Amino acid sequence: MQGVLVKTQVSAEVWERFAALTIETSVALTGEVRIEPRSPGGIEISVTELEIIGASPLDYPIQPKEHGIDFLLDHRHLWLRSPRQRAIARVRSEIEQAIHDFFYARGFVRVDTPILTAAIGERSGLFETEYFDEGSAYLAQTGQLYGEAAAAALGRIYTFGPTFRAEKSKTRRHLSEFWMIEPEVAWNDSDDNMRLQEEFVTNLVQRALERCARELSVLERDTSPLTLVSPPFPRLDYGDAIQFLKQHGRSIAWGDDLGAEDEAVIVAEYDRPVFVVNYPREAKAFYMKENPADPRTVLCDDLLAPEGYGEIIGGSQREDDHDKLLTRIRAEGLPETAYDWYLDLRKYGTFVHSGFGLGLERTISWICGLGHLRETIAFPRMMNRLRP
Ligand code: 4AD
Ligand code: MG
């Protein structure tokens, strides 16, 4: 809150303390609080008393001048106090609440899945740690496989927790610890899955527009592109995406996964998020369902955010045929024993089911219009950053 002191209206001691204030000192103020449209935040206090609670030495590291990003990240515990960082934190909190509200309103059960796992989920790097006499444990890359077991029991579930990827990539869209929302729905096929994604993403964007207008303005976010986000999102078949990319000079072949630059070329064509669907089996994880119309491909989708942001969701219908799944596990050279329980889900009453994972930080980065994921989480974990 902005406070105003008038020399003639306060005691000499108060004026002296005021004159000696340094940046980030904690104070207790007494005075009249008024609505003041010209003040940041819309209210102001006319101070009559000022007491110093916690002094702050003159060497407070963050000063109103340009600091390099490494310096700011080294001082992340203090950087969090700046208006821009507070705005991002508020948007994040609002989006997290919106996520819970969205699923609660639709009868989903929230299920918390383990962080320490023996089974593995995705292809990227694993963080490994010793686990008593059980050998190695791995930090979860996804809650999905456990989510599938829970969906068999409960129908519609979602997980929302931290996930870990030991990726040696220093890009603007990778963290080694990030938060993922993973719904899993019994009897949903791939189309139902995409409809849920459209509705979900639109809901989150709307919520930010409605309730975070002030924060988005602090971030100087041009919100006009966000107002265009509404279902249905265009769907681009993987094969057509490859054709399109080749026509635009990208060197890419059928079978490759799309890189960040490929995604940027695609999203430039659209004013709203776009699905790229049915990737080749080799480009994707083992658990995705074979596409009956073209068995070289799987029933999956990546949702790419506009304005250059690219993939925010990976989703798929799951392989529900026991033997096909086992063949895939073997072909990928995955440890079969770690997946026995996962195969049981296909052995005892298999069922059509689908789900997806939305990366929270990538979504916030897009909604806030940021250039890097590192500001979307209070204490980012990246390849070269474990402190503070
Ligand atoms: O596409 P991914 O790897 O999919 C899964 O993990 C599935 N098990 C999800 C599911 O079907 N339940 O990751 C999903 C999303 C990505 O689209 C991206 O938004 C985010 O998680 N993500 C990351 N975010 C930040 N840093 C990283 N290193 C990320 N890796 C993935
Ligand atoms: Mg993905």
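The values are calculated or read from the model by the stated rules, or taken from the named source; none is laboratory data. Computed from a predicted model, the values in this text were never measured in an experiment. Neighbour counts are summed over all protein chains in view; Cβ atoms, including those assigned to glycine, are modelled from backbone coordinates with ideal geometry. Only protein heavy atoms, including side chains, enter the accessible area calculation; ligands, DNA and RNA are left aside. Shrake-Rupley method; radii C 1.70, N 1.55, O 1.52, S 1.80 Å.
A few comments on the model shown:
- Full extension of the chain segment joining Glu24 with Arg387 gains 128.5 nm, where the gain is 0.36 nm per residue of separation less the Cα-Cα distance.
- Rough spin-label spacing in nm, given labels placed 7 Å along Cα→Cβ, for Leu154 and Asp101: 2.1
- The apolar share of the surface of the chain, taken as the fraction of accessible area on carbon and sulfur atoms (1.4 Å probe, ligands and nucleic acids excluded), comes to 51 percent.
- Residues with amide H under 5 Å from that of Met383, placed H, sequence gap 5 or more: Ser176
- Whole-Å semi-axes of the ellipsoid equivalent to the stretch 145-190 (Cα gyration tensor, √5λ, descending): 28, 11, 8
- For the chain, a Gaussian network of Cα nodes joined below 10 Å ranks Ser93, Ser56, Ser82 by mean-square fluctuation, and the top entry is Ser56.
- Calculated translational diffusion coefficient of the stretch 71-175 (4 °C, 1.567 mPa s; Stokes-Einstein with Kirkwood radius over alpha-carbon pairs) equals 78 µm²/s.
- Computed log10 I(q)/I(0) for the stretch 260-312 at 0.14, 0.19, 0.25 Å⁻¹: -0.40, -0.65, -0.86, from the Debye equation with unit scatterers placed on every C-alpha and solvent omitted.
- Separation of the alpha carbons by more than 26 angstrom is noted, of Lys246/Lys324; Lys170/Lys284; Lys168/Lys284; Lys284/Lys347, for Lys246/Lys324.
- Heavy atoms of Ile43 accessible to a 1.4 Å probe, total area in Å² rounded to 10: 60
- Computed from the C-beta positions of Leu228 and Ile115, the FRET efficiency with R₀ = 51 Å rounds to 0.85.
- Trypsin sites (Lys or Arg not before Pro) within the stretch 16-116, DSSP loop, no more than 15 other Cβ atoms inside 10 Å: Arg38, Lys65, Arg81, Arg106
- In the stretch 153-222, chymotrypsin sites (Phe, Trp or Tyr not before Pro) in a DSSP loop with at most 14 other beta-carbon atoms within 10 Å: Trp187
- Paramagnetic reach from Met1 in the stretch 204-234 [backbone N under 12 Å; point 7 Å along Cα→Cβ]: none
- With the convex hull of its Cα atoms as the shape, the stretch 2-60 has an orientation-averaged projected area of 4.3 nm².
- Debye log10 I(q)/I(0) at q = 0.10, 0.24 Å⁻¹ for the stretch 166-266, Cα point scatterers: -0.45, -1.19
- Within the shell defined by Cβ-Cβ distances under 12 Å, the residues around His353 carry a net charge of -2, with Lys and Arg each +1 and Asp and Glu each -1.
- Residue order by solvent-accessible surface for Arg250, Arg211 is Arg211, Arg250, largest first, with ligands and nucleic acids left out and a 1.4 Å probe.
- The loop-placed GluC sites (Glu not before Pro) in the stretch 269-338, going by DSSP, that have at most 13 neighbouring Cβ atoms within 10 Å of their Cβ come out as Glu269, Glu332.
- With coordinates expressed along the principal axes, the C-alpha atoms belonging to the stretch 1-129 extend over 70, 39, 25 Å, beginning with the largest.
- Förster radius 25 Å - calculated FRET efficiency between Ser39 and Phe71, Cβ distance, rounded to 0.05: 0.25
- D (Stokes-Einstein, µm²/s), Kirkwood Cα radius, the chain, 1.002 mPa s at 20 °C: 91
- Estimated translational D of the stretch 258-388 in µm²/s (Stokes, Kirkwood radius over Cα pairs; 4 °C; 1.567 mPa s): 77
- Estimated inter-spin distance, Ile52 and Ser11, nm [label 7 Å along Cα→Cβ]: 1.6
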